[in-house]
Amino acid sequence: MTIPETGSAELPSYLPAREPCDNSWDIRILRPVAPLATTALIGPDLERGPTYIGVVDCEATSTDPQTAEVIDLAVCVLEIDRAGVITGVAELKQSLRDPGMGIPQKVTRLTGIGDGDVAGAQFDAEGWTDLFQRCDLLVAHNAAYDAVVLERLLPGIRRSDWACSMSEIDWADLGFDGRALGYLLTQIGFYNKGHRAMADVTSLVHLLSWEAPDGRCLLAHLRDRSERLTTRVEARGAPFSKKELLKARGYKWHASRRVWWADIEEDALEEEKRWLLDDVRCKPSLQLLTSRQRHR
């Protein structure tokens, strides 16, 4: 899927002239995202059968993945060739779900989904489980949330591989600013006014199909990163006085485990262990992770 780049434009004739040293105005034109079912796609590389990647989003009753109840779920299953190029849309699916509780007003304001929209909605958990199990990889823009919420809802997908487009793409290195989905989307010249599950899936597919400076789409970059091994490093017994040092290094606080942690690339692991021992004065706990465990 190739999305045209936006460029700069000369100063419109109805605006006052600028001094030569100011150059021309740089204008970015935003276009609405196209429906996925009608978006043109690149022809497949037939040297190998396709891989199926499910781009997933859910809306739920809270931001706590341990208690949130899904109210809206969507997926776009993409066919991917061996080079990571999107070659087709295999399936689109979206469902509302009755959470068995009142939807908080702030969620309704954000999504437009109220109690009346989901009352009595029939949710096919078996069908969703089967569809997700047929995907080689599931992608979400915040997989640490979506994976936990959906595996509570659909226990049969607990051995699925996940990739996180928010944390596993080096956005700054690729010339982007920030990590929020809507903001990233505007930087490739698109916008989406909706905040429903399928609207966010559509936005993410457009974003992941964007061509990076090396000529590969962002989804190919993400798939490569998701296949690597990383190590979950926990700073066990770290002194309270080292909290700011750990935060500055990128460590996060795990409230239930009461420990600072970070996922470290293989080539940086020895240096990280040395830093924890010498600078933080704690003994690290290590756990090797694949895409099957990384976002839980």
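One Cα centroid belongs to segment 165-229, the other to segment 237-296; the line between them spans 27 Å.
I need the peptides 121-130, 77-86 ranked by packing, meaning the mean over residues of other C-beta atoms within 10 angstrom, with the highest value on top.
Values: 121-130: 13.5, 77-86: 20.0.
Top of the packing list down: 77-86, 121-130.
Note that segment 227-232 has calculated 3J(HN,Hα) couplings of 7, 6, 8, 10, 10, 7 Hz, one per residue in order, obtained from phi through the Karplus relation 6.51 cos²θ - 1.76 cosθ + 1.60 (θ = phi - 60°); glycine and proline are x.
Taking Cα centre as origin and charging only the Cβ of basic (Lys, Arg, +1) and acidic (Asp, Glu, -1) residues, the dipole magnitude of the chain rounds to 1180 debye. Our summary of shape: the Cα atoms of segment 230-289 have principal axis extents of 28, 26, 18 Å, ordered from largest down, in whole angstrom. Listed by chain and number, the lysines whose C-alpha is less than 24 Å from the C-alpha of LYS273, apart from same-chain residues fewer than 8 away, are LYS242, LYS243, LYS247, LYS252, LYS283.
By the compact-protein rule of thumb, 2.2 N^0.38 Å, the alpha-carbon radius of gyration of the chain corresponds to a ratio of 1.13. A simple packing score, the average count of other Cβ atoms within 10 Å per residue, orders the peptides 178-188, 156-166 as 156-166, 178-188, with the highest score first. Ranking VAL148, VAL107, LEU218 by Cα position along the charge dipole of segment 20-226, where only Lys, Arg, Asp and Glu carry charges on their C-beta atoms, puts VAL107 farthest toward the positive end.
Laboratory data are not the source of any read-out in this text; all were calculated from the coordinates shown. Source: prediction; values computed, not measured. Here the Cβ is made from the backbone with ideal geometry for all residues, glycine too, and neighbour counts use every protein chain on show.
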